[in-house]
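Working notes, beginning with the structure itself.
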Amino acid sequence: MRSLRSAAVFTLFLGGLAGAHGCASFEQVAKAGTSFARSQGVVTETQAQSIVKTTSAVAKTFEDITPEQEYYIGRTVGAVIVSRYKPYANAEANNYLNLLGQTLAQASDRPETFGGYHFLILDSGEINAFAAPGGLIFVSRGMLRLCRSEDAVAAVLAHEIGHVQLRHGLQSIDKSRLTQALTTIAAESAKTMGSKEIADLTRAFEGSITDITATMINNGYSRSFEREADAAAVSILSRVGYDPEGLVAMLGEMEKNLKPGGLDFAKTHPSPKSRIDDIRSLNVGGKAARVVAARQARFHKALGNI
Amino acid sequence: MTVIGKILSAWRSRWFALLVSCLLVASASAAAAGGGKAMSVQVKQGQVRATPSFLGKIVGTLSYGDRVEVLEQKAPWIRIRPPGKGAPGWMHASALSEKRILLKAGGKEADVAASGGELALAGKGFNADVETEFKKKHRDIDFSWIDRMQAMKVPQEKIGAFLKEGGLPTSQGGGK
């Protein structure tokens with residue numbers, strides 16, 4: 001009972017301090033709060049240390065990664081992907097994908113990234129697609145073969161653009177690794193980096209790349225991230241004028257074609273059926289996909305033999 | 001109500017008051033924003049357009065770190081005055097940052113960067129040097145396709161034609 005009350009008094013103190021300082025940063029509040037509590041014997045020295053540490057950790061998140069750093073992370077994540085999956089070097093198909101993808105990216109909430117959006121087809125029969133941080137997007141031939149229309153390809157790309165826009169890749173970096181790296185960067189920012197700092201940062205960089213690629217290729221994002229990317233896709237598609245039903249149609253194809261136990265979308269994504277249910281809950285309406293002849297013609301010309 | 005209950009409810013209302021005051025401050029500063037505020041270009045190359053739309057005519061190109069003056073906001077577009085003699089025009093908000101971006105390390109300004117969140121130092125942290133270091137350790141990872149990918153550029157007029165041909169509405173410039 002006594003310790004409970006002390007804890008309550010301590011929290012009250014934190015609240016009071018925050019009130020007195022207006023919108024002072026939480027970190028400052030926690031620091032001052034812990035030194036007060038320590039002098040009152042409410043928390044031990046070690047506990048105080050750990051509170052200060054955790055709040056500093058909270059203060060540094062993926063949001064502190066600058067667009068320029070995101071760009072370098074994305075380049076390497078992309079390089080790991082194209083080293084694992086061979087690119088499909090068909091200029092006409094890749095040009096079409098870039099034209100469509102760029103059109104969609106401009107309608108997203110984050111049309112401009114440090115190095116811009118770029119799209120590439122992977123020469124793989126797997127049903128797969130990846131979005132590296134900053135806007136490098138990869139789609140497998142297997143995935144494109146499931147697409148029956150431009151609207152369906154647009155749906156796949158819009159979902160990946162959603163992951164970039166929401167910076168899901170960066171959020172799979174281990175938090176303590178990120179905090180450490182960002183702290184090194186901040187501490188050294190007044191000076192030119194020496195070789196030791198570069199070596200430290202390269203280790204943190206390697207770790208970050210592994211965290212992201214392991215999530216993208218092996219483990220998959222959480223269902224809530226996928227739901228967010230689908231919601232972003234629906235809004236991008238509607239803004240451009242594509243039928244958001246294209247996403248539902250595409251998921252229907254996946255439902256039919258994904259093999260249970262497969263190492264592709266079957267492994268890294270929630271079941272297409274549950275994604276369709278989530279999209280339905282967004283109330284996008286259920287009109288049938290409109291087939292526009294000119295769209296269908298250019299889709300077949302570019303991807304007909306994929 | 002127990003003693004703890006009383007303490008907790010006092011605590012809750014205090015936090016609520018703090019939240020409200022934070023929101024008030026935030027909205028007041030948002031209202032003041034617009035005239036004369038400066039922002040930085042946070043992309044490698046940022047296009048300035050004649051109208052608030054990606055389909056608007058490109059009237060200028062700015063580089064990473066360039067400081068611009070904010071003239072008018074029409075979310076998500078911002079009308080800016082570029083540094084030097086360039087003509088004012090519209091940029092998408094995602095290309096701009098509130099932070100000052102310093103292109104060179106060293107100097108007084110860079111010392112401030114370590115303490116404040118309002119400054120960002122270009123080329124710090126995960127950068128070209130770190131990528132070079134990474135490549136040395138992982139010779140099996142091939143970056144050539146990434147370079148080729150990034151060289152693929154889609155001219156804006158092609159996007160306009162693509163939308164038109166596909167019967168897609170171009171009124172809002174292909175996007176929000």
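The values are calculated or read from the model by the stated rules, or taken from the named source; none is laboratory data. Remember, predicted model here, so these are calculated numbers, not experimental data. We place every Cβ from the backbone using ideal geometry, glycine too, and count neighbours over all the protein chains shown. Side chains included, ligands, DNA and RNA excluded: accessible areas come from the protein's heavy atoms. Shrake-Rupley method; radii C 1.70, N 1.55, O 1.52, S 1.80 Å.
Is it the case that A:G262 is more than 14 Å from chain B (Cβ to nearest Cβ) and in contact with a Pro (Cβ under 9 Å, 6 or more places away or on another chain)? No: the conditions fail for A:G262.
When we screen A:L144, A:L182, A:L136 for residues that are within 12 Å of chain B (Cβ to nearest Cβ), surrounded by fewer than 24 Cβ atoms within 10 Å (Cβ to Cβ) and in contact with a helix residue (DSSP H, G or I) (Cβ under 9 Å, 6 or more places away or on another chain), the only hit is A:L182.
Whether a residue is away from chain B (no Cβ under 11 Å), among the hydrophobic types (A, V, I, L, M, F, W, C) and open to solvent by 10 Å² or more (accessible area, probe 1.4 Å) was assessed, and A:A214 passes this test. Taking every residue in segment B:65-86 that is more than 10 Å from B:V48 (Cα to Cα) and pairing it with any residue that is surrounded by 15 or more Cβ atoms within 10 Å (Cβ to Cβ) and among the acidic types (D, E), at least 6 positions away or on another chain, the pairs with Cβ-Cβ distances below 8 Å are B:P76/A:D109; B:P83/B:D66.
Where in segment A:129-214 are the helices (runs of 4 or more DSSP H), entirely inside, with at least 2 residues that are free of Cβ contacts under 8 Å to residues at least 24 places away in the same chain?
Because the criterion is at least 2 residues that are free of Cβ contacts under 8 Å to residues at least 24 places away in the same chain, the helices (runs of 4 or more DSSP H) in segment A:129-214 that meet it are A:175-188, A:195-213.
Taking the criterion of being closer than 18 Å to A:T202 by Cβ and part of a loop (DSSP other than H, G, I, E, B), the residues of segment B:136-165 that qualify are B:H138, B:R139, B:D140, B:I141, B:F143. Residue under question is B:A17, and the condition is that it be modelled with pLDDT of 95 or more and either not polar (S, T, N, Q) or not assigned by TED's automatic domain parsing to the domain that holds B:L168 (or both); does it hold? Considered against the rule, which asks whether it is modelled with pLDDT of 95 or more and either not polar (S, T, N, Q) or not assigned by TED's automatic domain parsing to the domain that holds B:L168 (or both), B:A17 comes out as no. Of all residues in segment A:87-122, exactly one satisfies the criterion of being more than 9 Å from every other protein chain (Cβ to nearest Cβ) and of a type in the set (D, E), namely A:E92. Residue-level analysis places A:T213 among those that are within 17 Å of the chain's Cα centre (by Cα) and either closer than 23 Å to A:Q165 by Cα or β-branched (V, I, T) (or both). Residue count for segment A:91-128 under the criterion of being assigned to a loop (DSSP other than H, G, I, E, B) and farther than 20 Å from A:V248 by Cβ: the result is 14. Criterion applied to B:S144, B:S115 was being modelled with pLDDT of 85 or more, open to solvent by 20 Å² or more (accessible area, probe 1.4 Å) and among the small types (G, A, S), and the one residue passing it is B:S144.
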